[in-house]
Amino acid sequence: MANRYWVTGGTGNWNSTTNWSTASGGASGASVPGSSDAALFDASSGSGTATLDISPTIQTLTCTGFTGTLDFTTRVIFLNSTGTVFVGATTMTVAGTPLITLTNSSATARTITPTAVTETNSISFAVNAGTGNLTTTGGGAVRDLTFTGFTGSLTSTSFTIYGNLTLDAGMTVAAAATLTFAATSGTKTITTNSVTVDKNLTFNGVGGTWRITGSLTSGATRTTTLTNGTLNLNGFTFSTGIFSTSNANIRTLDFGTGGGIYLTASGNNTIYTAADSTNFSVAGDRNVFVTGVGTVGNTRTITGGQITLNGTAANALNFNISAGADTINFGTANRVFNNIQFSGSFSGNIGANVAPQIYGFFSNNGFATITGGTNAWTFKSTSSTNYISSSNAINNPVIFDGVGGAWQIYNNLIVNGAVTLTNGTIQIADGTTLIVESFATSGTNQKYLQSITPGTQSYISDASGVNSVSYLTIRDIIATGGATWNAFYDYGNINAGNNSGWYFGDSPTVGNEITMRLRSFTQPRRF
Amino acid sequence: MIEVKFTLSQPDDSYKFSDTLLLADDHGLTDAEIEAMKQARYDKWYDYITNPPPVVDEPIVE
């Protein structure tokens, strides 16, 4: 292999002997580097522009110290060797459509060191053959990274991709390090061909969009972080250990239709956090499947957006926890969730004193023991009818507070805490019972307590005490259990029919006043 | 290139997996072979997330 150094001080074409030398800074006139040669650009190559007027095939390309410009135009540099085949430089500039293709088909390892170049100066790499390792080193950055016909392994330190990533179905990706996607414009694609990418994944490009074109799978110990930009799951399945997007940057998580995120981490981990949901948007199905097999004694924390940090119905996700025997912690601060569902083989518990703000449904039939506490669970739907179905008692206070919202309570539900209806409609399934520690209403908006089917009764039960409600329209509800149930008309309550166990008369205050007036009217006059 | 999008799941509809096969225009595969490829993809994914392999970060040679 012969070395050929770029020595022109100004602009010149690749395919010209006037620009090449056999020594760094040496005399020009050497042959243009060919398929048996190494091309080198260095500090003695000047700051001019080297223009590719052909698509050369060389063994290796080294640019260390080069301060000029490599203009690819629409040409491609083919590197046919093994070992370290490319070394870039942060001091150089690239122009055109920069593409380097690695063509060696042997099992011998290859290394590229792209260095930490900017997005503008990044170069695309295509690996078209080979069965050995391809290593990227130096924490560098590339534009597109494309593997086709490559059946080796991508081994790398952490590095950055500004463009598209395409993997060959026959290759592997070594488990290690972080892969950062950092495009700042356009839509970049990630095509894994079902190859597992067992790395931490970071999406961090202001204005960037990344769309997966099939499933994307990383490992149970890996964290995916959405820092800036839009991650479009495009309706496909995305598996990762942990998902984190807690910051104030503009970012979007677009699920598309039919896919979802699988969170596979176990152990003591915050497996999802959008605690700071400022500028966080969500689109599509928003389904998150929690499938890590947590063990007894461990806690997985799911941190929805805190209401005080812009957690809203619009960026709340659905969580289906279907495996593990550990504790699921939804946090004690008011954090938003859409649906919460326990299913599958989950046999653990919900952490103590959590205070979820639930915009969708809650389903937990025989799966999670609810530890309970003094913090209230709040159901906050403001539009559609959602349901609550839990054969496991909720051992917390519960608040229903969604103007225009409705909640259907399936099956018998035990709430070992105060139930407060502030806004919306509670519908108790026909013939079933909502068992409470106390029941009250709040505010002057009209609220509704009823069975699901008009004309068919259901029950609300409290063992003792006095439950007085206001601004409540009651239909088909039998109040029972031993407590006193007051729904005085003068408190804005409406008897919509088919109720029993309620006292709908005037409140004692009004009653006493009427009695006094009657006595005054009937007293004999004294003359 | 032909994109074959598919979704497979467990019989109880859990562990739903949505992916796509990318096939050459002249792939020459039978429907049965394509279905087998889908199932292989699903089985690989299901096994990976339900029985995660031990974590061994591979050393990187600088």
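The values are calculated or read from the model by the stated rules, or taken from the named source; none is laboratory data. This one's a predicted model, so the numbers in the text were calculated from it and none came from an experiment. Here the Cβ is made from the backbone with ideal geometry for all residues, glycine too, and neighbour counts use every protein chain on show.
Here is how the numbers come out for the structure above:
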read-out: Qualifying positions in region A:252-285 - more than 14 Å from chain B (Cβ to nearest Cβ), closer than 22 Å to A:Ala333 by Cα and of a type outside the set (A, V, I, L, M, F, W, C); value: A:Asn268, A:Thr270, A:Tyr272, A:Thr273, A:Asp276, A:Ser277, A:Thr278, A:Asn279, A:Ser281
read-out: Checklist (1) in a loop (DSSP other than H, G, I, E, B); (2) under 35 Å from the mean Cα position of the chain (by Cα) applied to A:Thr111, failing item; value: (1)
read-out: Positions within region A:206-216 being surrounded by fewer than 24 Cβ atoms within 10 Å (Cβ to Cβ) and assigned to a strand (DSSP E or B), in sequence order; value: A:Val206, A:Gly207, A:Gly208, A:Thr209, A:Arg211, A:Ile212
read-out: Boolean, A:Thr453 is outside the structural domain of A:Ala355 (by TED's automatic domain parsing), out of contact with any strand residue (DSSP E or B) (no Cβ under 7 Å at 6 or more places or on another chain) and modelled with pLDDT of 95 or more; value: yes
read-out: Criterion violated by A:Arg300 - all others in (1) more than 14 Å from chain B (Cβ to nearest Cβ); (2) under 13 Å from the mean Cα position of the chain (by Cα); (3) not acidic (Asp, Glu) satisfied; value: (2)
read-out: In region B:1-13, the residues that are assigned to a strand (DSSP E or B) and within 12 Å of chain A (Cβ to nearest Cβ); value: B:Glu3, B:Val4, B:Lys5, B:Phe6, B:Thr7, B:Leu8
read-out: Selection count where residues are under 19 Å from A:Gly48 (Cβ atoms), of a type in the set (Gly, Ala, Ser) and surrounded by 17 or more Cβ atoms within 10 Å (Cβ to Cβ), scope region A:76-126; value: 2
read-out: Set A:Gly170, A:Gly152: member being of a type in the set (Gly, Ala, Ser), surrounded by fewer than 20 Cβ atoms within 10 Å (Cβ to Cβ) and out of contact with any helix residue (DSSP H, G or I) (no Cβ under 7 Å at 6 or more places or on another chain); value: A:Gly170
read-out: Residue satisfying all of: in region B:14-31; more than 10 Å from chain A (Cβ to nearest Cβ) and of a type outside the set (Val, Ile, Thr); nearest to A:Thr213 (Cα to Cα) among these; value: B:Leu23
read-out: First in region A:367-393 and in contact (Cβ under 8 Å) with a residue 60 or more places away in the chain, second anywhere and surrounded by 15 or more Cβ atoms within 10 Å (Cβ to Cβ) and among the acidic types (Asp, Glu), Cβ under 8 Å, 6 or more apart; value: A:Lys380/A:Asp401
read-out: Residues satisfying the stated conditions in region A:227-284, i.e. among the acidic types (Asp, Glu) and outside any strand (DSSP E or B); value: A:Asp276
read-out: Matching residues, region A:29-45, being among the polar types (S, T, N, Q) and buried (at least 17 other Cβ atoms within 10 Å of the Cβ); value: A:Ser44, A:Ser45
read-out: Counted residues, region A:388-401 - those being part of a strand (DSSP E or B) and either in contact with a helix residue (DSSP H, G or I) (Cβ under 9 Å, 6 or more places away or on another chain) or surrounded by fewer than 17 Cβ atoms within 10 Å (Cβ to Cβ) (or both); value: 1
read-out: Flag if A:Thr374 is at pLDDT below 95, part of a loop (DSSP other than H, G, I, E, B) and either closer than 23 Å to A:Ala463 by Cα or not assigned by TED's automatic domain parsing to the domain that holds A:Ala333 (or both); value: no
read-out: Some residue of region A:54-61 being in a loop (DSSP other than H, G, I, E, B), closer than 18 Å to A:Arg143 by Cβ and not charged (D, E, K, R); value: yes
read-out: Among the residues listed as B:Asp13, B:Asp25, the single one being over 20 Å from A:Val197 (Cα atoms) and either surrounded by 15 or more Cβ atoms within 10 Å (Cβ to Cβ) or without any contact (Cβ under 8 Å) to a residue 12 or more places away in the chain (or both); value: B:Asp13
read-out: Residue selected from region A:267-295 under the condition surrounded by fewer than 20 Cβ atoms within 10 Å (Cβ to Cβ) and of a type in the set (Ser, Thr, Tyr), by the criterion farthest from A:Phe255 (Cα to Cα); value: A:Thr295
read-out: Elements of type strands (runs of 3 or more DSSP E) in region A:416-510, at least 2 residues being touching an Asp or Glu at 6+ places or on another chain (Cβ under 7 Å) and closer than 25 Å to A:Asn375 by Cβ; value: A:418-428, A:438-441
read-out: Whichever residue in region A:1-53 is assigned to a strand (DSSP E or B) and of a type in the set (Ser, Thr, Tyr) and, among such residues, is nearest to A:Met92 (Cα to Cα); value: A:Thr49
read-out: Residue check for A:Gln306: within 14 Å of chain B (Cβ to nearest Cβ) and within 22 Å of A:Gly405 (Cα to Cα); value: no
read-out: Some residue of region A:394-404 being within 25 Å of A:Ala313 (Cβ to Cβ) and polar (S, T, N, Q); value: yes
read-out: So A:Phe362, is it within 28 Å of A:Lys447 (Cβ to Cβ), without any contact (Cβ under 8 Å) to a residue 60 or more places away in the chain and among the aromatic types (Phe, Trp, Tyr); value: yes
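Table: residues versus (1) touching a helix residue (DSSP H, G or I) at 6+ places or on another chain (Cβ under 6 Å); (2) assigned to a loop (DSSP other than H, G, I, E, B); (3) closer than 18 Å to A:Thr252 by Cα; (4) among the small types (Gly, Ala, Ser).
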residue: A:Gly297; (1), (2), (3), (4): no, yes, no, yes
residue: A:Ile328; (1), (2), (3), (4): no, no, no, no
residue: A:Thr332; (1), (2), (3), (4): no, yes, no, no
residue: A:Phe367; (1), (2), (3), (4): no, yes, no, no
residue: A:Ser381; (1), (2), (3), (4): no, yes, no, yes
